[in-house]
Amino acid sequence: MFFRLFALAFALLLCQATPAAAQKRPRPLKANESGSTFRSRFGNPERAADSLLRLMTLEERIGQLNLLTSDLDVTGASLRPQYRRDIEQGRVGAVFNAYGVDFVRKLQETAVKNSRLKIPLLFGYDVIHGHKTIFPMPLAMACSWDIGRIEAAQRIAAVEAASMGLDWTFAPMVDIARDPRWGRVMEGAGEDTYLGSLIAAAQVRGFQGRGIGDVLSVMACAKHYAAYGAAQAGRDYNTVDMSERVLRDVYLPPFKAATDAGAATFMTSFNELDGIPATANRFLLDQVLRKEWGFKGFVVTDYTAIMEMLFHGTAKDSAEAGMQAILAGTDMDMQSAIFIKFLPDLVRQGKVPEAAVNQAARRILIKKFELGLFDDPYRRLSPEREKANVLTPAHRLASREMAARSCVLLKNEREALPLKAGIKRLALIGPLANAAHDMIGGWSAAGEDKHSISLMAGLQNHPALKGVTFQLEKGIDVEKPEPADLPGIRKAVDAAQGADVIVLALGESKDMSAEASSRSNIKLPGSQEDLVAAMRARYPNTPIVAVLFNGRPLDLSDVLGNVDALLEAWYPGTEAGNGVADVLTGAYNPSGKLTMSFPRNLGQVPIFYNQKNTGRPENPKEKYTSKYLDVPNDPLFPFGFGLSYTKFSYGAPQLSATSMGMGDSLRVSVTVTNAGTRLGEEVVQLYVRDLVGSVTRPVKELKGFRKIRLAPGASEMVSFTLRAKDLAFYTAEMQFRAEPGTFRVMTGPNSADVQAAEFTLR
Ligand code: BGC
């Protein structure tokens, strides 16, 4: 009875969405007004959703599960008739790839004015590293190891996205990635589970701010669930097969962290796991996500992932694929339009219980209530906010600072960097010297080249380089089919004549990473290595600085010997040139550290620091040990590695005790000194090895880090606290717990260069 009354009241409220009743709406929010104090007039979103569901036909409920891409690119601001009809008929619950207050309003009005129940649409988009103000690609931001700034960057992304009418971002991407062939490594935080989990949670906090009811927040979507980063051979969309132990120890924790941080939604991945496509994987969706972790939001598929089950070969037709997906716990169908086409009949035939549809629709409607869309479907559509909150100087400054902090200095000899104050002629050479287009990298949302700063512009405008003469020459393209572009190389080398320093801007073009952009060769593409070699040969005494713009760890073994300094700048975003110029000039002393290992060659891949020891650990003197004939096992640059313009020296780790009980904690302290001559920041890292376990344990695992700032000559004692829960893993019995025994604690500036101490856990 109560529910009937509630439903009736609800229906009346919905009718108020008509113009006649419009004056009863709460007043629209003004520009910059935060909705964080927003309280829905519908009270409890769960109860409101239940009431609404009672008013809905089966088709309307299924309509809520349908997510379609907008035709923004095809038709501009006008709507295709079929698209409009689908929305009017309540056959669409959410739209993606539509943003901008005017266009979103047009779509929203279609739903709210013309559909029977006037249920507002939800607007989603891939806001991965900025919306209009583009930040460095996520892997680059991870290299800052600056969790606060990462959160702040995604907060800015949310403010811009929400101010342009969006409710939802398809981010963060929290896939652990250990294979640089995979083009999507650029979207995640790298190879480490601990760091990846912290960054996952920070991004969720950034996107969702003080809650999704805030007009300046968007819903986060943890993706791609799960284990997508382990695609065999680094080939996108490829098969994934791993033990449940590796899945739980390595790949799932960042998703769990996103859940705990309150991520409103999850996205299934394209891959199969143990033979079952993720989109129909009950173990992942029902057992782990909902039952074990208590996730309360909704799960959307990746793009046409339900349809792709036909290709995976686990469904004979679309209807069966749709049935498998919804029964496994998928709520929303992105772009397959299979739920909308087949679920009505599947329910009528009794193949899918109506309760499964209701449950999925309920989860989606609850989020719409929480977003405040039923209170005011246009609440994120303020032209004032759109104008005021996008590409602001403050956002650009944050992006510039992040660009500088994401750079990783891999080599610096002969004091090539920072650039000397007295230089008169600087040769800026290479295919990415003046490439504003590439600087924002893949998945750059609504970012536009016209706003981004090339390295050339950044250097030319930098106050520290005032009066310097620039010798500019692109020379060659990023990629050019064999044979080597000899005329281009000659031109480039000639152009550097007489320079005091040569800066080479090299790397990959932005389309060489991100989705569907795996590479089977991770060297610098085209003739770039030849260019570097030719430059070194002609100018043996001129400092050569290579700045790399790329989306993945590269094989740099044939570049390293020919340059004096090597700066990994990744794709730095809108403020690329300015941020990188800050580093090159020394205005900012680089502090980034790699979060993915750089291999010596592709044959070492997958390569990651937290590997197992094996029964025959590498011993160069013993033939029958686990190693290669032609290359050592270690990477060219290890996880956690990155140089500074100053030097940090480390003391040995000191432990507060040599033994601790299961309920105790132990303090690990290490003294770090700035032994150089410049102010600098350092990421102090803590690793642990469990020496004997009921199952084999990694040779080391990151368990803590601190980013500190030290003046020349200054020292700081950095302390970490370890508890038994920090040492837990999935044991032989698949229980998540720490086992008693001896542990090695390691501290240092990167995963390879550490000093150790030991303690026992009782
Ligand atoms: C990608 C997702 C993305 C979706 C929507 C897919 O192809 O795998 O990461 O969110 O498209 O654009």
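The values are calculated or read from the model by the stated rules, or taken from the named source; none is laboratory data. Model, not experiment: these values are computed from the prediction. Cβ placement follows ideal geometry from the backbone for every residue including glycine, while neighbour counts extend to all protein chains displayed. Note: accessible area is taken over every heavy atom of the protein model, side chains too, but ligands, DNA and RNA are not part of it. Shrake-Rupley method; radii C 1.70, N 1.55, O 1.52, S 1.80 Å.
At 1.4 Å probe size, with no ligands or nucleic acids counted, give the accessible surface of LEU679 in Å², nearest ten.
Approximately 80 Å² of LEU679 is accessible to the 1.4 Å probe.
Suppose we keep just the DSSP beta bridges with both residues in the chain; what percent of those would be antiparallel, to 5?
On the way: 47 of 88 bridges.
Percentage antiparallel, nearest 5: 55.
From the P(r) of segment 648-761, could you give the percentage of C-alpha pairs in the tail past 18 Å?
Details: 3197 of 6441 pairs.
Summing the P(r) of segment 648-761 above 18 Å gives 50 percent of all pairs.
With 18 Å as the limit, write out which pairs from LYS132/LYS223; LYS256/LYS291; LYS450/LYS593; LYS420/LYS466; LYS450/LYS491; LYS132/LYS256 have Cα-Cα distances beyond it, or answer none. If you can, show how the numbers build up before the last one.
Working: LYS132/LYS223 22 Å; LYS256/LYS291 12 Å; LYS450/LYS593 30 Å; LYS420/LYS466 12 Å; LYS450/LYS491 28 Å; LYS132/LYS256 29 Å.
LYS132/LYS223; LYS450/LYS593; LYS450/LYS491; LYS132/LYS256, as the Cα separations exceed 18 Å there.
Using a probe radius of 1.4 Å on heavy atoms only, what accessible surface per residue do you get for segment 183-237? Whole Å² is fine. Numbers along the way, then the final one.
Values: 1130 Å² over 55 residues.
About 21 Å² of surface per residue is accessible.
Within segment 252-291, name every residue whose backbone N is under 17 Å away from a label modeled 7 Å from Cα of SER243 along the Cβ vector.
Only 252-253, 274 pass the distance filter.
With an 8 Å cut-off on Cα pairs and a minimum separation of 6 or more residues, tell me the relative contact order of segment 646-762 in percent. All intermediate terms of the calculation are to be shown ahead of the outcome.
Values: 291 pairs, mean separation 38.2, N = 117.
Result for segment 646-762 is 33 percent.
Share of segment 427-496's accessible area from carbon and sulfur, percent, 1.4 Å?
Numbers: 1650 of 3120 Å².
On segment 427-496, the fraction of accessible area on carbon and sulfur atoms equals 53 percent.
Helix 338-348 sits at what angle to the longest principal axis of the chain, using alpha carbons and giving 0 to 90 degrees rounded to 10?
Computed tilt is about 40 degrees.
If r is the Cβ-Cβ distance from THR614 to MET734 and R0 is 30 Å, what FRET efficiency results, to the nearest 0.05? Walk me through the numbers on the way to the answer.
Working: r = 22 Å, r/R0 = 0.75.
With a Förster radius of 30 Å, E is 0.85.
Please report the Cα spread of segment 138-186 along all three principal axes, rounded to whole Å, starting with the longest.
The Cα atoms of segment 138-186 stretch 36, 21, 12 Å along the principal axes, largest first.
How far is helix 528-538 tilted, in degrees, relative to the longest principal axis of the Cα atoms in the chain, given as a value from 0 to 90 rounded to the nearest 10?
20 degrees
Ordering ILE364, ILE147 by accessible area with a probe of 1.4 Å, largest first, what comes out? Walk me through the numbers on the way to the answer.
Values: ILE364 0, ILE147 35 Å².
From most accessible down to least: ILE147, ILE364.
For ALA675 and ARG414 in the same chain, what is the full-extension length gain: residue separation times 0.36 nm, less their Cα-Cα distance, in nm? Provide the component values of the computation, followed by the final result.
Numbers: separation 261, 0.36 × 261 = 93.96 nm, distance 1.81 nm.
Extra length from ALA675 to ARG414 when fully extended: 92.1 nm.
So how much slack lies between GLU482 and ASP500, counting 0.36 nm per residue of separation and subtracting their Cα-Cα distance, in nm? Show your work: numbers first, answer last.
Values: separation 18, 0.36 × 18 = 6.48 nm, distance 3.17 nm.
Length gained, GLU482 through ASP500: 3.3 nm.
What percent antiparallel are the DSSP beta bridges of segment 648-761, to the nearest 5?
Counting only bridges with both partners in segment 648-761, antiparallel ones make up about 95 percent.
Over all Cα pairs of segment 474-584, how is the pair count split among 5 Å bins, expressed in % and running from 0 up to the last occupied bin?
With a bin width of 5 Å, the distribution comes to 2, 11, 22, 23, 22, 13, 5, 1, 0.
Report, to the nearest 10°, how far helix 486-495 tilts away from the longest principal axis of the Cα atoms in the chain, using its own Cα long axis and a range of 0 to 90°.
Relative to the chain, helix 486-495 is tipped by roughly 70 degrees.
So, R0 is 56 Å and r is the distance between the beta-carbons of ALA757 and GLU354; what FRET efficiency does that work out to, to 0.05?
Values: r = 61 Å, r/R0 = 1.09.
Efficiency for this residue pair is about 0.35.
Any chance you could look up the accessible area of PHE470 with a 1.4 Å probe, heavy atoms only, rounded to 10 Å²?
Result for PHE470: roughly 40 Å² accessible.
Quick check: convex hull of the Cα atoms in the chain, volume per residue, rounded to a whole Å³?
Details: hull volume 133.9 nm³, N = 762.
Output value, Cα hull per residue: 176 Å³.
Compute the distance in nm between two label points, each set 7 Å from the Cα along the Cα-to-Cβ direction, one at ASN97 and one at THR304.
1.1 nm
Express the Stokes-Einstein translational diffusion coefficient of segment 442-498 in µm² s⁻¹, to the nearest whole number, given a Kirkwood radius over alpha-carbon pairs, 37 °C and a viscosity of 0.692 mPa s.
Values: Rh = 14.2 Å.
Estimated via Stokes-Einstein, D reaches 231 µm²/s.
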